[in-house]
Amino acid sequence: MIVRQTKPTSALIVVHESPIHGRGVFAARRIAAGKRIIEYLGERIAPVEGEKRYDDDGVDHPHVLLFTVDEHTVIDGGSGGNEAIYINHSCEPNCEAVDDDGRIYIEALRDIKAGEELTYDYQLERPGRYLASWKERYRCRCGAPTCRGTMLAPRNGKSAD
Ligand SMILES: [Zn+2]
């Protein structure tokens, strides 16, 4: 997969290695609660197309590049995406993804100190029944006391276990 970074880096954030997973996005300076930090960019495709692109269980955590907008649209951050794809998941996040008329923005849930890693709750959605392999595939390593153990969205109170 090739991730092009054609967008200029926002002065608000910096991308570097993360203790949670791979690369992460960090506050370059203090970010106030409610601040709109970055738009989640990428190719807008149908969910079924997203499943086709990222259904290879041999690839490590690929599905996390898809952001579900609604039942008709997912954003593929792996195609035309920006630094937003490097924001890691947390079960106790300091940011949230906000849907503004179909466009997705990452906004600060609280004041964030310079150097803090930015996170939001992915609440990943996959159609069909939970597969046993998903437990490891979408395992959460956020380390929060309230960690639910998975990056998948809760389903009617059922866990991914
Ligand atoms: Zn967690």
With the charge dipole of the chain built from beta-carbon charges (+1 for Lys and Arg, -1 for Asp and Glu) about the Cα centre, the Cα from Ala114, His72, Ile31 projecting farthest to the positive end belongs to Ala114
Which residues qualify? For Ile13, with a placed amide H closer than 5 Å and at least 5 residues away or on another chain, they are Ala28
Residue separation times 0.36 nm, minus the C-alpha to C-alpha distance between Glu49 and Glu92: what's the value? 12.5 nm
Sorted by chain and number, the residues with a modelled amide H under 5 Å from that of Ile38, at a separation of 5 or more or across chains, are Ile106
Vicinal HN-Hα couplings computed from phi for the range 114-119 (Karplus, 6.51 cos²θ - 1.76 cosθ + 1.60; Hz; Gly/Pro x): 4, x, 5, 6, 7, 9
Per-residue [θ]222 nm for the chain (sum of -39500 (n - 2.57) over DSSP H runs n ≥ 4, rounded to 500): -1500 deg cm²/dmol
How big is the range 74-145 along each principal axis, measuring the range of its Cα positions in Å and listing the largest first? 39, 33, 19
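Counting Lys and Arg as +1 and Asp and Glu as -1, each charge on the Cβ, what is the dipole of the chain about the Cα centre in debye, to the nearest 20?
The dipole magnitude comes to about 380 debye.
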For a test of understanding, tell me how many lysine pairs in the chain have Cα atoms under 25 Å apart, given they are 8 or more places apart or on different chains. 5
Using a basic spin-label model with each label point 7 Å from the Cα along Cα→Cβ, how many nm lie between Ala144 and Ala28? 2.6
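Please calculate how many Å² of accessible area the range 13-137 carries per residue, with a 1.4 Å probe and no DNA, RNA or ligand atoms counted. Present the calculation step by step, with values, prior to reporting the outcome.
Values: 6230 Å² over 125 residues.
Each residue of the range 13-137 exposes 50 Å² on average to a 1.4 Å probe.
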Which distance in nm do the two modelled labels at Val15 and Asp100 give, with both placed 7 Å along the Cα-to-Cβ direction? 2.1
With an 8 Å cut-off on Cα pairs and a minimum separation of 6 or more residues, tell me the relative contact order of the chain in percent. 26
The long-range amide H neighbours of Asn82, using H built 1.01 Å from N in the peptide plane and a cut-off of under 5 Å, are Leu41
Using θ = phi - 60° and the Karplus relation 6.51 cos²θ - 1.76 cosθ + 1.60, list the HN-Hα couplings for the range 48-53 in order, rounded to whole Hz, with x at every Gly or Pro. 5, 5, x, 4, 5, 5
Give me the Debye-computed log₁₀ of I(q)/I(0) at q = 0.18 Å⁻¹ for the chain, equal point scatterers on Cα only, no solvent, two decimals. -1.20
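The values are calculated or read from the model by the stated rules, or taken from the named source; none is laboratory data. Computed from a predicted model, the values in this text were never measured in an experiment. We place every Cβ from the backbone using ideal geometry, glycine too, and count neighbours over all the protein chains shown. Accessible surface is based on the protein model in full, side chains and every heavy atom, while ligands, DNA and RNA are left aside. Shrake-Rupley method; radii C 1.70, N 1.55, O 1.52, S 1.80 Å.
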